[in-house]
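Asker: Have a look at this one.
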Amino acid sequence: MHHLHWLENATTRRRARTALIWSVVITLALYVIPFGAFIAYPLLLISTLFHELGHGIAAILGGGTFVRFQMFADGSGVAQHQGEYGAGVRAMIAAGGLVGPAVVAALAFVAGRGVRGSRILLGVLAVGLAVAIALVVRNPFGIVFTTGLVLAFGWLALRSSAETVQLASVLLATQLALSVFSRADYLFTESAVTGAGTMPSDTAQMAISLGGSYWMWGLACGAFSLLVLAGGVMWFARVLREPDRRLR
């Protein structure tokens with residue numbers, strides 16, 4: 001039994017290490033190969049998706065209603081909600097989108113420690129996005145893209161190999177983590193230009209609700225995202241350095 005346990009631990013570490021290495025290789029390749037930006041385009045949209053869903057989920061937690069969500073081909077999106085909110089809840093809803101990708105990235109890192117966790121995460125995401133399509137996604141582009149993700153995540157969760165599903169979880173985590181940095185300029189922008197028009201940015205809405213400046217709230221949300229990401233990465237790293245339990 002001890003020998004079998006050691007073999008399981010060794011296999012878990014090997015798969016986690018391989019998934020991390022390949023996710024880094026794929027990410028670097030997207031920056032150097034021709035048409036890498038085109039290949040990475042869906043990953044940009046995934047970041048937008050979790051950003052806008054973060055707003056909607058925060059609105060529900062604040063006692064409101066998530067009315068509709070639209071995603072556009074330029075990578076922008078808009079989440080509409082209704083409710084009687086105080087200043088604090090309005091600020092929380094604005095912040096929900098800013099930290100949404102970091103939270104999902106951290107969860108994906110934690111799930112990516114093992115095959116079972118990866119399947120559960122991707123399965124939950126597939127079901128959750130299917131519910132979102134039924135209830136709140138309301139424009140053709142958003143419906144088509146989100147449906148594609150439901151099918152992809154569902155297949156990965158139910159039918160893919162152990163190595164593939166774990167790589168998918170870690171790659172999702174890596175890409176969402178990078179989006180926290182690559183799209184960090186939005187934290188320090190006063191207005192946002194989307195497919196639905198120009199409106200105050202999320203950090204500007206926080207400043208309107210709570211006072212202060214939009215860049216101050218940008219720093220606060222950025223710091224929170226980094227802390228959440230660090231927690232997820234550290235938890236994932238634990239599986240890489242757990243000691244072998246060999247027979248003596």
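Asker: Would you call Met199 in contact with a strand residue (DSSP E or B) (Cβ under 7 Å, 6 or more places away or on another chain), exposed (fewer than 15 other Cβ atoms within 10 Å of the Cβ) and not in a loop (DSSP other than H, G, I, E, B)?
Answerer: So Met199 passes the test.
Asker: Now, a different point. Is there a residue in the stretch 88-99 that is within 25 Å of Glu190 (Cβ to Cβ), among the charged types (D, E, K, R) and either modelled with pLDDT under 95 or crowded, with 16+ Cβ neighbours inside 10 Å (or both)?
Answerer: Among the residues of the stretch 88-99, at least one is within 25 Å of Glu190 (Cβ to Cβ), among the charged types (D, E, K, R) and either modelled with pLDDT under 95 or crowded, with 16+ Cβ neighbours inside 10 Å (or both), which makes the answer yes.
Asker: In the stretch 21-69, what count of residues is obtained for those that are out of contact with any strand residue (DSSP E or B) (no Cβ under 8 Å at 6 or more places or on another chain) and of a type in the set (S, T, N, Q)?
Answerer: Matching residues across the stretch 21-69 total 3.
Asker: Select, from Arg68, Arg13, the only residue that is under 20 Å from the mean Cα position of the chain (by Cα) and charged (D, E, K, R).
Answerer: The conditions single out Arg68.
Asker: Looking at Leu178, Leu156, Leu171, Leu121, which one is buried (at least 24 other Cβ atoms within 10 Å of the Cβ), touching a residue at least 40 places away in the same chain (Cβ under 8 Å) and not in a loop (DSSP other than H, G, I, E, B)?
Answerer: Leu121
Asker: Looking only at the stretch 189-232, filter to residues that are of a type in the set (Val, Ile, Thr) and either within 23 Å of the chain's Cα centre (by Cα) or modelled with pLDDT of 95 or more (or both); which one of those is nearest to Gly88 (Cα to Cα)?
Answerer: Thr203
Asker: What number of residues in the stretch 86-118 are of a type outside the set (D, E, K, R), touching a helix residue (DSSP H, G or I) at 6+ places or on another chain (Cβ under 7 Å) and assigned to a loop (DSSP other than H, G, I, E, B)?
Answerer: The total comes to 2.
Asker: Need pairs with beta-carbon distance below 9 Å; first residue closer than 17 Å to Ala173 by Cα and within the stretch 5-31, second modelled with pLDDT of 85 or more and basic (Lys, Arg); sequence gap 6+ or separate chains.
Answerer: Filtered contacts from the stretch 5-31: Ala16/Arg113.
Asker: Also, I was wondering about something else. Restricting attention to the stretch 4-61, which residues are at pLDDT 90 or above, buried (at least 21 other Cβ atoms within 10 Å of the Cβ) and of a type outside the set (A, V, I, L, M, F, W, C)?
Answerer: Ser47, Thr48, His51, Glu52, Gly54, His55, Gly56
Asker: Output the residue which, of all residues in the stretch 181-196 that are touching a residue at least 40 places away in the same chain (Cβ under 8 Å) and part of a strand (DSSP E or B), is surrounded by the fewest Cβ atoms within 10 Å (Cβ to Cβ).
Answerer: Val193
Asker: Scan the stretch 132-146 for residues that are β-branched (Val, Ile, Thr) and either touching a Ser or Thr at 6+ places or on another chain (Cβ under 9 Å) or within 21 Å of Leu167 (Cα to Cα) (or both) and report the count.
Answerer: Total satisfying the criteria: 3.
The values are calculated or read from the model by the stated rules, or taken from the named source; none is laboratory data. Since the model is a prediction, treat every value here as computed from it, not as a measurement. A quick note on method: Cβ atoms are made from the backbone with ideal geometry, for glycine too, and the neighbour counts reach across all protein chains shown.
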